[in-house]
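Participant: Let me begin by handing over the structure; questions about it come next.
What follows draws every value from the coordinates through simple rules; no lab data is involved. Everything numeric in this text was worked out from a predicted model, so none of it was measured. Quick reminder, even Gly has a Cβ in these numbers, built from the backbone with ideal geometry, and neighbours come from all protein chains shown.
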Amino acid sequence: MSVKSETLTTAETPARAPSSARIARIDREQVLKVAKLARLTLREDEVPVVTAQLAKVLEHIAQLSEVDTAGIEPTAQVGVERLPLRPDVPHPPSERLTRDEVLAQAPVTAGGGFVVPSFVEE
């Protein structure tokens, strides 16, 4: 997806953004292409709404690109070492569910297991 952008003059620039900010523009065709890629069906009256929403997202991304990140090391995951984990301790046999009890809660079963929708396209 190509996104059109333009440089705003100082008079056109919102107060919160520096004059060098580049505001991304997204048009109807790009929104329809993104919707198709995301497998979304948009009604005609939804297209302008989604266009405006995506434009706001792109504006926020443009603002983030203005942040000075010099000297900040990139991180792939934040706070992973601090995730609270409970001990992996099995329940006593008297508290465990049987296979039949578990499968009875599933919407669809077959062959002693859960039936799930296929997600791999062939």
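Participant: Just order 43-55, 98-110 by mean Cβ neighbour count inside 10 Å, highest at the front, would you?
Facilitator: 43-55, 98-110
Participant: Arrange the following residues from fewest to most other Cβ atoms within 10 Å of their Cβ: 65, 94.
Facilitator: 94, 65
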